[in-house]
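Participant: Here's a structure for you.
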Amino acid sequence: MSSSSHRTLADLLSPGAGLVIPGAANALAARMVEDAGFPVVYLTGAGIANSWLGAPDMGLTTATEVAAHIAACREAVTIPIVADGDTGFGNAMNLVRTVRLFERAGADAIQLEDQVFPKRCGHFDGKAVIPAAAMVQKIKAAVDARADARLLVIARTDARAVEGFDAAIDRAAAYREAGADVLFVEAPASEAELRAIPERLPGPHLCNVVHGGKTPMLPRAVLAGIGYAGILYANAALQAAMLAMQKTLAHLAREGSLAGIEDTLIGFPERQAAVDMARWSGIERRYAEP
């Protein structure tokens, strides 16, 4: 974590920038995001639950597990990391510890949401939210807990599915008043709602584009024109990897070899390049016993 990366992220997330932010579930995916030329990576809580635990996004991960993933990603990449902090893993007191853990681990922004704990994926049914006043206090706690004032606090509300769209807008406004740097209204259900969010609440906003989710998948140019600062594709890379694994394993089970699908697999040299083999080999040579 560095002050310069905080400044870069704050500059990048300006209204209308339409910054595409892919998600990563681990340090390897974060490296691939950076290698693809993206200036920011989103460490996805759903992706960690899916890939680390083989479990759904239902509040099963812990703050320390996610902090360990942040630290691994921080070691692997130089670009800013937006970390999914879920609900802060409890009440305001738990949230203070989460912010401090994540900041020390190397996050440049922490996203916090107003669901009850344990939470559910923002595009699942059956969500519940805490009172708006309680979330306001949690946002204030997060702002006070950060050691560097340039660590961005992203306030997400899941109230659209629970209390309705207008209530979600009211909550987001209250969270900004409490000190949130960026707002995130999860799972708007129509293009009209997507357009209304930055119109009714000018300032930096994120939107979350989920393949198979509840929100229309509008093109980047349209979302930037509407006024969005950032566009999350939180689990697109993970979904692509899961499909590739399914297809490869099905072929291997059916054919007993990789013959015929070699061109769908990353090559051995490319794989080593993706994990920075050249740098580690250089360290090995430099510090080899004389």
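The values are calculated or read from the model by the stated rules, or taken from the named source; none is laboratory data. All values reported here derive from a predicted model rather than from experimental measurement. All Cβ positions, even for glycine, are placed from backbone atoms using ideal geometry, and neighbour counts span all protein chains on display.
Participant: Before we move on, is Thr61 assigned to a loop (DSSP other than H, G, I, E, B), surrounded by fewer than 19 Cβ atoms within 10 Å (Cβ to Cβ) and in contact (Cβ under 8 Å) with a residue 24 or more places away in the chain? Before the answer, list the steps.
Facilitator: Numbers: assigned to a loop (DSSP other than H, G, I, E, B): yes; surrounded by fewer than 19 Cβ atoms within 10 Å (Cβ to Cβ): no; in contact (Cβ under 8 Å) with a residue 24 or more places away in the chain: yes.
So Thr61 fails the test.
Participant: List the number of the failed condition for Ile139; all other conditions in (1) surrounded by fewer than 17 Cβ atoms within 10 Å (Cβ to Cβ); (2) at pLDDT 95 or above; (3) touching a Gly at 6+ places or on another chain (Cβ under 8 Å) hold.
Facilitator: Just one mismatch for Ile139, condition (1).
Participant: Moving to a separate point now. Which ones in the stretch 231-277 are assigned to a helix (DSSP H, G or I) and under 17 Å from Ala27 (Cβ atoms)? Please lay out each step first, then the result.
Facilitator: Of all residues in the stretch 231-277, those assigned to a helix (DSSP H, G or I) come to 236-255, 262-264, 268-274, 277.
Ala237, Leu238, Ala241, Arg271, Gln272, Ala273, Ala274, Met277 - these are the residues of the stretch 231-277 that are assigned to a helix (DSSP H, G or I) and under 17 Å from Ala27 (Cβ atoms).
Participant: Here's something else I'd like to know. Could you list all residues from the stretch 48-103 that are charged (D, E, K, R) and either touching a strand residue (DSSP E or B) at 6+ places or on another chain (Cβ under 9 Å) or not assigned by TED's automatic domain parsing to the domain that holds Pro131 (or both)? Working first, answer last.
Facilitator: Narrowing the stretch 48-103 to residues charged (D, E, K, R): 57, 65, 74-75, 84, 86, 97, 100, 103.
Result: Arg74, Asp84, Asp86, Glu103.
Participant: Same structure again: Restricting attention to the stretch 218-230, which residues are surrounded by 16 or more Cβ atoms within 10 Å (Cβ to Cβ) and outside any helix (DSSP H, G or I)? Let's see the steps before the verdict.
Facilitator: Let us first name the residues in the stretch 218-230 that are surrounded by 16 or more Cβ atoms within 10 Å (Cβ to Cβ), namely 218, 223-224, 226-230.
If the condition is that a residue be surrounded by 16 or more Cβ atoms within 10 Å (Cβ to Cβ) and outside any helix (DSSP H, G or I), then Leu218, Gly227, Tyr228, Ala229, Gly230 are the ones that fit.
Here's the yes/no breakdown for (1) free of Cβ contacts under 8 Å to residues at least 40 places away in the same chain; (2) of a type in the set (A, V, I, L, M, F, W, C); (3) closer than 19 Å to Gly88 by Cα:
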residue: Ala167; (1), (2), (3): yes, yes, no
residue: Ala174; (1), (2), (3): no, yes, yes
residue: Gly179; (1), (2), (3): no, no, yes
residue: Leu194; (1), (2), (3): yes, yes, no
residue: Pro198; (1), (2), (3): no, no, no
residue: Gly203; (1), (2), (3): no, no, no
residue: Val209; (1), (2), (3): yes, yes, no
residue: Pro216; (1), (2), (3): yes, no, no
residue: Tyr228; (1), (2), (3): no, no, no
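Participant: Being surrounded by fewer than 24 Cβ atoms within 10 Å (Cβ to Cβ), assigned to a helix (DSSP H, G or I) and of a type in the set (S, T, N, Q) is the filter here, so list the residues in the stretch 64-114 that pass it.
Facilitator: Thr64, Asn94
Participant: A further question on this structure: Among Gly37, Gly47, which is the only one that is of a type outside the set (D, E, K, R) and in contact (Cβ under 8 Å) with a residue 40 or more places away in the chain? It would help to see each step written out before you state the result.
Facilitator: Values: Gly37 fails: in contact (Cβ under 8 Å) with a residue 40 or more places away in the chain.
Sole residue among the options that is of a type outside the set (D, E, K, R) and in contact (Cβ under 8 Å) with a residue 40 or more places away in the chain: Gly47.
Participant: Identify all residues within the stretch 6-47 that are in a helix (DSSP H, G or I) and of a type in the set (Val, Ile, Thr); write none if there are none. Before you say what the answer is, go through the steps one by one.
Facilitator: First, pick out the residues of the stretch 6-47 that are in a helix (DSSP H, G or I): 6-12, 27-35, 45-47.
Matches in the stretch 6-47: Thr8, Val33.
Participant: OK, next. So which of Ala224, Ala187 ends up being over 22 Å from Pro39 (Cβ atoms), in the same structural domain as Ile48 (by TED's automatic domain parsing) and in contact with a Gly (Cβ under 9 Å, 6 or more places away or on another chain)? Full working, then the answer.
Facilitator: On the way: Ala224 fails: over 22 Å from Pro39 (Cβ atoms).
After applying the criteria, what remains is Ala187.
Participant: Among what's in the stretch 162-178 and is small (Gly, Ala, Ser) and buried (at least 21 other Cβ atoms within 10 Å of the Cβ), pick the residue that is nearest to Pro216 (Cα to Cα).
Facilitator: Looking at the filtered set, the residue picked out is Ala168.
Participant: Given the condition more than 17 Å from the chain's Cα centre (by Cα) and modelled with pLDDT of 95 or more, answer yes or no: does some residue in the stretch 226-235 qualify? Quick ask: steps written out before the conclusion?
Facilitator: Of the residues in the stretch 226-235, the ones more than 17 Å from the chain's Cα centre (by Cα) are 226-227.
Now narrow it down to the ones that are modelled with pLDDT of 95 or more: 226-227.
For the stretch 226-235, residues more than 17 Å from the chain's Cα centre (by Cα) and modelled with pLDDT of 95 or more: present.
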